[in-house]
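The values are calculated or read from the model by the stated rules, or taken from the named source; none is laboratory data. If you're wondering where the values come from, they're calculated on a predicted model, not measured in any experiment. Reconstructed Cβ throughout: ideal geometry from the backbone, glycine too, with neighbour counts over all protein chains shown. These area figures cover heavy atoms from the full protein model, side chains too; ligands, DNA and RNA do not enter into them. Shrake-Rupley method; radii C 1.70, N 1.55, O 1.52, S 1.80 Å.
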Amino acid sequence: MATPQPQRDALVQDTPLWIHDLTVAYHRKPVLWDVNLSLPEGQLVAVVGPNGAGKSTLIKAVQGLVPRASGAISVFGKPYEEQRHLVGYVPQRESVDWDFPVNALDVVTMGLYRQIGWCRPVNRRHKAQAMAALEKVGMTPYAHRQISHLSGGQQQRVFLARALVQDAQLYLMDEPFVGVDVATERAIVALLKDLKAAGKTCIVVHHDLQTVPTYFDHVVLLNMRVVEAGPTDAVFTEENLRKTYGGKLTLLSDALFEYSKNPQLPRGRKGGQP
Amino acid sequence: MEWTSFDTWIVVTGALSAAACALLGNYLVLRKLSMMGDAISHAVLPGLALAFIITGSRDSLPMLVGATAIGVLTAFLVQALFRLSELEKGATMGVIFTTFFALGLILIRQAADHVDLDPSCVLYGAIELTPLDVYELMGMEIPRAALTNLGMLAVNLLFVGLFYKELKITSFDPALATTLGINATFLHYALMTLVAATTVAAFESVGSILVIAMLIVPAATAHLLTDRLGAMLVISVLIAALSALLGHLGAITVPTWFGFTDTSTAGMMGVATGLIFLVTFLLAPRYGVVSRVLRQWQLSLKIVADDVLGFLYRYEELKQPQSPPVQAGDLQKALKAGGSLWPALWQLKRRGAIRQTADDVLPTETGLAQGARLVRSHRLWESYLCDALQMCPTDVHALAHDLEHFTDASMSEALARQSGDPNIDPHERQIPPLPK
Ligand SMILES: Nc1ncnc2c1ncn2[C@@H]1O[C@H](COP(=O)(O)OP(=O)(O)O)[C@@H](O)[C@H]1O
Ligand SMILES: [Mg+2]
């Protein structure tokens, strides 16, 4: 699956996200294996795959949140580290402690912390920006509510608003549709359409296969490796889904785990190439 | 009770050290690192002993530096062991700090053979003695310990003030912080360094056990009282200072009531902060046990009252002209409400929803309208669950029965719209129209 060199340079030029030979392992057990991807600009991209397929890991590895054993990643043609300001992240809802003593407005304001800069206080203008983002997701009435007193859908909208204030070009969203009510689902879909209309690229981990064709232009079928990636019409077929969700790949994972004890393979953090 | 300037200084020193600990403790509690305070405050012991053995004096500065260095090393080792071993975090902390603590005890024993350094002093502190060791400052004799802790509190305040935003985001969502280019690791170790330094500064006065209490208890108490981080910081510091005052007062008064002389101030400070926590835990307005029980009780009362109104409405639907009125005993049997029926009936009477003559319970106009609304919600839910969600084979009645109590007017109308404004529910009963 390795991308040939000349093509690689062409792709690096301007795609929002380009991934080459990415391998990630937790405690030497490979979770992503040899992932190659190049995603088109200005589209809504679904990342689909069974539980434990490595979808969250992919999103995190792109942003350097989990160490990669090997591989290269570029965002709009440059390493992620130089392009942080172009990327907005919507993590899985369970990833934070909702009892934390902050309200919805505080959480959204956090999206501005890089712009505000180290040691500088949040001022009224930043709060106004955050309020505007809350309004876009229909959360104005809840701005001053402590976040554990919000419903699941409302919490998800707070996370979306936080990504919106970052005014990124590329959005990475991890399961934004999980555990949300119908109203929130509609709000998120509308938001995705707005983002697309504004020329942004959204990469969304999605679990509901039924809605993939209606919500998304492009699909990445993932199960430790990229099974198939491309425009939804072409790639989102029953056959490909069977390949993604079928049992064979779990077997492959186990086999690779055994195999990874062989020191010639990348071994977690230590064995990784720069 | 006799109060001298000694007592004032004891309270001031205690309050300063407790406040310095409590301020940082907020971040330990919020980061689920409470054990880390425990670990660091035990693990600094060999640092203290080593500094002492090397310099041969009990001078504060080398002790502070040595112990802080070991404290930070502990934080590093915990992280490293956690990454490499797949052990859970609590276990890695336990392994490291007990080892360090034991090592410290051995070292102190060794050192104590030569000069006076008392292990028990490290555990319990010697706050009663701190006013003896004074430092002349602008003509005032100020206890050295008070100055040290004041300095530490100032440093901590500066740290929290300067990095307020960064500490907040790295505590709440370290992944997001990292993607924004805010270095969570740096802040973690900065925090751990200050925890270690604060611990050491507070040791001499209050001892390591109280340090642990002050790192955790005031912050945990404050978290029960507020939903705002800023307020939590302020409240925890106030609680810490209050504990010092109450602790010393308790130490010099309480034992005399029982014919003893005074007791350890540090110990009493620990007791005081524990009591403050207990009272808060019971009585806090929103998250206290009492208010939670009360809310629960009110909710169950509301449900019984709703059920009574629903029952009266259904009875009204079915009854013949000659049917007798509903009796309280019938309600009790039908609703299986037990003792909570009586307060519910009393509440309904006060609301003017029912009239009660002898044992007869009669709905008023308002009562019937409210009953109609409830029954409407109930039957709408049944239709919705049946038709829209195809859940008919399951017990939609029970589910609708639970949901009806949490359905306000707007939700019930949304339901009606979504299930096409039905008049008849799945059990072929009339769905009451919206009462005027
Ligand atoms: N921090 C971690 N440590 C060890 N294993 C992990 C960790 N996070 C995820 N995994 C494992 O990696 C695999 C992929 O996880 P994840 O990326 O969360 O899957 P997905 O999001 O597709 O459900 C799973 O088998 C999971 O158990
Ligand atoms: Mg996931």
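If I filter region B:216-230 down to residues being open to solvent by 40 Å² or more (accessible area, probe 1.4 Å) and facing another protein chain (nearest Cβ under 8 Å), which single residue comes out as nearest to B:SER291 (Cα to Cα)?
Of everything passing the filter in region B:216-230, B:HIS223 is nearest to B:SER291 (Cα to Cα).
Do we have any residue at all in region B:151-163 that's more than 14 Å from chain A (Cβ to nearest Cβ) and not in a helix (DSSP H, G or I)?
No, the conditions are met nowhere in region B:151-163.
Limited to region B:42-72, what total is found for residues that are closer than 22 Å to B:THR185 by Cβ and touching a Gly at 6+ places or on another chain (Cβ under 8 Å)?
Matching residues across region B:42-72 total 6.
So which of B:GLU136, B:GLU141, B:GLU128 is at pLDDT below 85, outside any helix (DSSP H, G or I) and away from chain A (no Cβ under 11 Å)?
Sole residue among the options that is at pLDDT below 85, outside any helix (DSSP H, G or I) and away from chain A (no Cβ under 11 Å): B:GLU136.
May I ask you to verify whether B:SER264 is modelled with pLDDT under 95 and open to solvent by 40 Å² or more (accessible area, probe 1.4 Å)?
yes
Assess whether A:SER70 counts as being open to solvent by 10 Å² or more (accessible area, probe 1.4 Å), away from ligand 1 (no atom under 12 Å from the Cβ), touching a Leu at 6+ places or on another chain (Cβ under 6 Å) and of a type in the set (Gly, Ala, Ser).
When the stated conditions are applied, A:SER70 does not pass them.
Could you count how many residues in region A:195-210 are more than 16 Å from ligand 1 (Cβ to nearest atom) and in contact (Cβ under 8 Å) with a residue 12 or more places away in the chain?
The number of residues fulfilling the criteria is 6.
Conditions (1) within 14 Å of another protein chain (Cβ to nearest Cβ); (2) within 16 Å of ligand 2 (Cβ to nearest atom); (3) modelled with pLDDT of 90 or more; (4) in a strand (DSSP E or B), marked per residue:
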site	(1), (2), (3), (4)
A:THR3	no, no, no, no
A:ARG8	no, no, no, no
A:ASP21	no, no, yes, yes
A:VAL35	no, yes, yes, yes
A:ALA53	no, yes, yes, no
A:VAL66	yes, yes, yes, no
A:ILE73	yes, no, yes, yes
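In region A:55-64, what residues are open to solvent by less than 30 Å² (accessible area, probe 1.4 Å), without any contact (Cβ under 8 Å) to a residue 40 or more places away in the chain and more than 10 Å from ligand 2 (Cβ to nearest atom)?
If the condition is that a residue be open to solvent by less than 30 Å² (accessible area, probe 1.4 Å), without any contact (Cβ under 8 Å) to a residue 40 or more places away in the chain and more than 10 Å from ligand 2 (Cβ to nearest atom), then A:ALA61 is the only one that fits.
Let me confirm something: among B:GLY310, B:GLY339, which residue is open to solvent by 20 Å² or more (accessible area, probe 1.4 Å) and either touching a residue at least 40 places away in the same chain (Cβ under 8 Å) or more than 18 Å from B:VAL375 (Cα to Cα) (or both)?
Only one candidate qualifies: B:GLY339.
Considering only region A:159-238, give the helices (runs of 4 or more DSSP H) lying wholly within it that have at least 1 residues that are among the aromatic types (Phe, Trp, Tyr).
Ranges flagged: A:212-215.
Give me the residue from region A:94-107 that is more than 8 Å from every other protein chain (Cβ to nearest Cβ) and out of contact with any Ser or Thr (no Cβ under 8 Å at 6 or more places or on another chain) and, out of that set, farthest from B:LEU30 (Cα to Cα).
A:LEU105
Before we move on, is A:VAL227 open to solvent by less than 10 Å² (accessible area, probe 1.4 Å), hydrophobic (A, V, I, L, M, F, W, C) and modelled with pLDDT of 90 or more?
no
Evaluate the following for A:TRP98: is it aromatic (Phe, Trp, Tyr) and surrounded by fewer than 18 Cβ atoms within 10 Å (Cβ to Cβ)?
Answer is yes for this residue.
Specify which of the listed residues (A:PRO121, A:PRO91) is within 11 Å of another protein chain (Cβ to nearest Cβ) and open to solvent by less than 50 Å² (accessible area, probe 1.4 Å).
From the options A:PRO121, A:PRO91, the qualifying one is A:PRO91.
When you check A:LEU134 against the structure, is it more than 10 Å from chain B (Cβ to nearest Cβ), open to solvent by 10 Å² or more (accessible area, probe 1.4 Å) and touching a residue at least 24 places away in the same chain (Cβ under 8 Å), yes or no?
So A:LEU134 does not fit the description; no.
Based on what the data block shows, is B:GLN332 among the polar types (S, T, N, Q) and either modelled with pLDDT of 90 or more or open to solvent by less than 80 Å² (accessible area, probe 1.4 Å) (or both)?
It is true that B:GLN332 is among the polar types (S, T, N, Q) and either modelled with pLDDT of 90 or more or open to solvent by less than 80 Å² (accessible area, probe 1.4 Å) (or both).
If I go through region A:151-176 residue by residue, how many of them are open to solvent by 10 Å² or more (accessible area, probe 1.4 Å) and either within 16 Å of ligand 1 (Cβ to nearest atom) or more than 12 Å from chain B (Cβ to nearest Cβ) (or both)?
Summing the residues that are open to solvent by 10 Å² or more (accessible area, probe 1.4 Å) and either within 16 Å of ligand 1 (Cβ to nearest atom) or more than 12 Å from chain B (Cβ to nearest Cβ) (or both) in region A:151-176 gives 9.
Assess whether B:SER340 counts as being out of contact with any Pro (no Cβ under 8 Å at 6 or more places or on another chain) and within 13 Å of B:VAL308 (Cβ to Cβ).
Against the criterion (out of contact with any Pro (no Cβ under 8 Å at 6 or more places or on another chain) and within 13 Å of B:VAL308 (Cβ to Cβ)), B:SER340 qualifies.
If we keep just the residues of region A:23-59 that are among the charged types (D, E, K, R) and either in contact with a Phe, Trp or Tyr (Cβ under 9 Å, 6 or more places away or on another chain) or more than 16 Å from ligand 1 (Cβ to nearest atom) (or both), which is nearest to A:THR201 (Cα to Cα)?
A:GLU41
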